[in-house]
Amino acid sequence: MTDIVVECRLGNIADQPDVDVIVNAANARLLPGSGVAGAIHAAAGEGLAEECRALAPIRPGQAVITAGHRLPNAHVIHCLGPVYGVDEPSRPLLADCYRNALRLADRHGLASIAFPAISTGVFGYPIREAAEVAVATIADSLSLLQHIFKIRLVLFSPEDYDVFRKAIATGLPPAVRGS
Ligand code: ADP
């Protein structure tokens, strides 16, 4: 395990130029769509949708990797989160997204990764529960990672940022918490 920092930022997932890979809260067909997927595809350009076509469809909890195209990031990892109340049990499926994305990034030798709050938009996962699952899964994955040293959680609203900041403060040891 490297010395890993887990940090929280208020901002746009498509504007994280200092990380190797950003995670897309994708839909099953890996189409542009709204929210996170819309922002990432708009910034990446049509080449991303073209590359995605060959990889779709994906299942809840699955993660696949593409190039970043016009994004400042070398790669995008596309995860399909569970639709809350529909894809059940939702907790392990949401945990799979974080676990599989981290393992995939690490297997590609990537050093830094940024996640949005997967499933908490149109898929309806309550933000507090989602934050707890995200942080607990990251905590469980740390010992398996060999290359990743920075894990960033990017939240779109000050309220969500606050929830994730608190989840990090209670769910991770001080040595791992970033500013
Ligand atoms: P899902 O379909 O997995 O619920 P969404 O894209 O609808 O994914 O939303 C996931 C979360 O990301 C929501 O909390 C939403 O507010 C937030 N979000 C939306 N756009 C962005 C963005 N550009 N950068 C970071 N977070 C975003």
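Each value in this text was obtained by applying a stated rule to the coordinates, not by laboratory testing. Keep in mind the model is a prediction, meaning the values are calculated, not measured. We place every Cβ from the backbone using ideal geometry, glycine too, and count neighbours over all the protein chains shown.
Between exposed trypsin sites (Lys or Arg not before Pro) in the chain, where DSSP calls loop and at most 14 other Cβ atoms lie within 10 Å, what's the longest gap?
With a cap of 14 other Cβ atoms within 10 Å, the longest stretch comes to 71-179.
Label points 7 Å out from Cα along the Cβ direction at Ala67 and Asn12: separation in nm?
Here the answer is 2.3 nm between the modelled labels.
Lys and Arg at +1, Asp and Glu at -1: add these up for the other residues within a Cβ distance under 11 Å of Val154 and post the number.
Here the count lands on -1.
For segment 27-62 and segment 115-179, what is the separation of their Cα centres, given in Å?
The distance from the Cα centre of segment 27-62 to that of segment 115-179 comes to 22 Å.
Using θ = phi - 60° and the Karplus curve 6.51 cos²θ - 1.76 cosθ + 1.60, what whole-Hz ³J(HN,Hα) does each residue of segment 110-123 get, with Gly and Pro shown as x?
Each residue's phi maps through the Karplus curve to give 7, 9, 9, 9, 10, 10, x, 7, 4, 6, 8, x, 5, 7 Hz.
Name the most mobile residue of Gly81, Gly47, Gly61, meaning the one with the largest mean-square fluctuation, in a Gaussian network model of the chain with Cα contacts below 10 Å.
Looking only at Gly81, Gly47, Gly61, the largest GNM fluctuation is found for Gly47.
List every DSSP H helix in the chain whose Cα atoms extend 15 Å or more along the helix's own long axis and whose mean Kyte-Doolittle hydropathy is at least 0.5.
127-141
At 7 Å along Cα-to-Cβ for each site, give me the label-to-label distance between Ala54 and Val86 in nm.
In this crude label model, Ala54 to Val86 measures out at 2.9 nm.
Per DSSP helix of 4 or more residues, -39500 (n - 2.57); summed, then divided by the residues of the chain. What does that give at 222 nm, rounded to the nearest 500?
The per-residue figure over the chain is -11500 deg cm²/dmol.
Using label points projected 7 Å from each Cα along Cα→Cβ, tell me how many nm separate Ser34 and Leu144, to one decimal.
3.3
Taking only the C-alpha atoms, wrap a convex hull around segment 38-172 and report its volume per residue in Å³ as a whole number.
Here the figure is 107 Å³ per residue.
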